[in-house]
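The values are calculated or read from the model by the stated rules, or taken from the named source; none is laboratory data. Since we're looking at a predicted model, the values are computed, not measured. Note that we place each Cβ from the backbone using ideal geometry, even for glycine, and neighbour counts take in every protein chain shown. Accessible surface areas use protein heavy atoms only, side chains included; no ligands, DNA or RNA. Shrake-Rupley method; radii C 1.70, N 1.55, O 1.52, S 1.80 Å.
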Amino acid sequence: MRELRGVGASPGGAAGPVYRLAPPPALPPLAETVDPEAEKTAVRAAVLAVAADLTRRADIALEATAAEVLRAQVMMVQDETLIDAADIAIDGGADAPHAITDVLAEHRAVFEAAGGYLAERVSDLDDLRDRLVAACLGQPMPGVPDPGHPYLLVARDLAPADTAGLQPALVLGLVTAEGGPTSHTAILARTLGIPAVVRCPGILDVPDGTLTSLDGASGVVVAGVSTEAVDTVNADRLAEVERRARSHGPGRTADGHPVALLANIGSARDLTGEVEGVGLFRTELLYLDRSDPPSHEEQVAAYRDVFAALPGRKIVVRTLDAGADKPLPFLRLADEPNPALGIRGLRVARQTPSVLSTQLGAIAAAAAATDADVWVMAPMVATATEAAAFTESCREHGLPTAGVMIEVPAAALRASQVLRHADFISVGTNDLSQYTFAADRMCGDLADLLDPWQPALIALLASCAAAGVEAGKPVGVCGESAADPQFALVLAGLGITSLSMAPRSIPAVRESLAAHTLNECRQIADAALAASSPQAARAAVDGVVGRQAKITVSH
């Protein structure tokens, strides 16, 4: 057996034979003679073929998040600037496959240099390149293997088109050599409920067919396990799935302390299964890849679809989280040397206040037409002054419950002052980790710094929770850390009042909370806070949980 260690990206255990993603098409030698018009026609035919294939995949995707990602790829491949650049390369002597490769290589370099959201799109560009080249060469589109039985999928990284089409009954788990815990691969794996480990060195050296196990929480991958071990892991997984299927009701600790379990969604299509409400309604999907902003009427219709689906329940709407690192053409923002630290989130309103004003008006109109309990929060709030201005704007639009996201360390450190103005706060642990540790979310080499078990992050969470208790106001967590059943115990013990995650993650968190009293959760949180490293924090919590279990059995 050989033990490998990566970064846990989607919790759960899985085991089976590994199979690699099919390799991309090999680029042939440059043609000696080129008919420019024929090659330009080939480029356009390839674009049409790839766009049609991605659209088909989006239409049959199991999750709305996956479908939105694929439709964004369709917009990218149909971009006229890409086609025009390929024409220029062809006029310079390139054939269609080489023109596409060269043009997308230039785009890739620009995206990498920009960092942030654009750097996230590098794997999307690589996928589009491979699909376009395959179409030009008349080869099958690269994709996921189908050995005819369940298996673990191994890849250097996965493109959205590959992840979106995964069938959980066939693909038991994912292991990638690259990527990070907040990549599209990780997010879609969690959405689909597929255990996943990313950034796992050595996984590409494991031969196809090797029986392997993975732990999507710890990031441990063991190659060369026995058939008995595979059967045990999968039996445990099936039992867990069945147990979760029987899990219902609101989130509570064993002694009845409420911890609301809410859903992270991008549209009404993401509302699957039983949910208490929505803790993060991402509205930017309505804005992406558009040259003009969505109209008031269009926004009202989109918001109303979600609100009407959950009458009487809490829905927390995040206002537009976009800007220089998520470029929206209609914003017409200037280029920035460091987009992650520039005009994004609430800061967009400094330059184009009408975007926020129109959105708040649309949210208010949609809320008035339904019975949902609509809350609104702004992303990238750094100061109490910003919180006060946003809250006042919400009040002016008739929105009674206004809060802010805590993603900037300055806001976390001054949470008490922020809560003098805001009705609630919600911690986005993904970005809070990024800014606390000065570690880009998409830099796989720094994935260890983005671990939510980092004691410094837990200390900031504790500070936010304490501020909420002092103010008597709710404090939620809507980052990916909320989906970790073990970390949920830490959050409950700190005093966090709600946890928001992908709907498929809710049952496991519900079961975890139900197995511990509030006092036990507080002991668990104290152990995590006192640790010196993420590994020590996990070990300390495991130790406390183990002791608590022994005490329970003895009684």
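Taken over the stretch 152-208, the criterion of being among the β-branched types (Val, Ile, Thr) and assigned to a loop (DSSP other than H, G, I, E, B) is satisfied by Thr182, Ile194, Val206. Would you confirm whether any residue within the stretch 227-241 is without any contact (Cβ under 8 Å) to a residue 60 or more places away in the chain and either within 23 Å of the chain's Cα centre (by Cα) or within 26 Å of Ala66 (Cα to Cα) (or both)? Within the stretch 227-241, one or more residues are without any contact (Cβ under 8 Å) to a residue 60 or more places away in the chain and either within 23 Å of the chain's Cα centre (by Cα) or within 26 Å of Ala66 (Cα to Cα) (or both). Within the stretch 283-300, the set of residues being over 16 Å from Leu360 (Cβ atoms) and either open to solvent by less than 40 Å² (accessible area, probe 1.4 Å) or not hydroxyl-bearing (Ser, Thr, Tyr) (or both) comprises Leu285, Leu288, Asp289, Arg290, Asp292.
Residues are listed down the side, and each one gets a yes or a no for (1) small (Gly, Ala, Ser); (2) buried (at least 20 other Cβ atoms within 10 Å of the Cβ); (3) at pLDDT 95 or above:
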| residue | (1), (2), (3) |
| --- | --- |
| Gly116 | yes, yes, no |
| Ser123 | yes, yes, no |
| Asp146 | no, no, no |
| Ala159 | yes, yes, no |
| Val171 | no, yes, no |
| Gly180 | yes, yes, no |
| Thr185 | no, yes, no |
| Ala196 | yes, yes, no |
| Cys200 | no, yes, no |
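Among the residues of the stretch 360-387, write down those that are in contact (Cβ under 8 Å) with a residue 60 or more places away in the chain, under 19 Å from Val348 (Cβ atoms) and surrounded by fewer than 20 Cβ atoms within 10 Å (Cβ to Cβ).
Within the stretch 360-387, Gly361 is the sole residue that qualifies.
The listed residues are Gly256, Gly249, Gly312, and the only one of them that is open to solvent by less than 30 Å² (accessible area, probe 1.4 Å), of a type in the set (Gly, Ala, Ser) and in a loop (DSSP other than H, G, I, E, B) turns out to be Gly249. Residue count for the stretch 325-370, restricted to those that are in contact with a Ser or Thr (Cβ under 6 Å, 6 or more places away or on another chain) and basic (Lys, Arg): 0. Among the charged types (D, E, K, R) and in contact with a strand residue (DSSP E or B) (Cβ under 7 Å, 6 or more places away or on another chain): is that true of Arg313 in this structure? Taking the combined requirement at face value, the residue satisfies it.
Quick grid of which residues meet (1) of a type in the set (Ser, Thr, Tyr); (2) in a helix (DSSP H, G or I); (3) surrounded by fewer than 24 Cβ atoms within 10 Å (Cβ to Cβ):
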position: Phe487; (1), (2), (3): no, yes, no
position: Val490; (1), (2), (3): no, yes, no
position: Ile496; (1), (2), (3): no, no, no
position: Ser500; (1), (2), (3): yes, no, no
position: Ile506; (1), (2), (3): no, yes, no
position: Gln523; (1), (2), (3): no, yes, yes
position: Val541; (1), (2), (3): no, yes, yes
position: Arg547; (1), (2), (3): no, yes, yes
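Evaluation of Ala340 against the conditions (1) at pLDDT 90 or above; (2) within 21 Å of Ser426 (Cβ to Cβ); (3) outside any strand (DSSP E or B) shows that the sole unmet condition is (1). Restricting the search to the stretch 212-223, which residues are surrounded by 20 or more Cβ atoms within 10 Å (Cβ to Cβ) and either hydrophobic (A, V, I, L, M, F, W, C) or part of a helix (DSSP H, G or I) (or both)? If the condition is that a residue be surrounded by 20 or more Cβ atoms within 10 Å (Cβ to Cβ) and either hydrophobic (A, V, I, L, M, F, W, C) or part of a helix (DSSP H, G or I) (or both), then Leu214, Val221, Ala223 are the ones that fit. Of the helices (runs of 4 or more DSSP H) lying entirely inside the stretch 388-454, the ones with 3 or more residues being open to solvent by 20 Å² or more (accessible area, probe 1.4 Å), touching a helix residue (DSSP H, G or I) at 6+ places or on another chain (Cβ under 8 Å) and closer than 29 Å to Arg5 by Cα are found at 429-436. For the residues Ala155, Ala134, the requirement of being touching a strand residue (DSSP E or B) at 6+ places or on another chain (Cβ under 7 Å) and among the small types (Gly, Ala, Ser) singles out Ala155. All told, Thr33 falls short of being buried (at least 17 other Cβ atoms within 10 Å of the Cβ) and modelled with pLDDT under 85.
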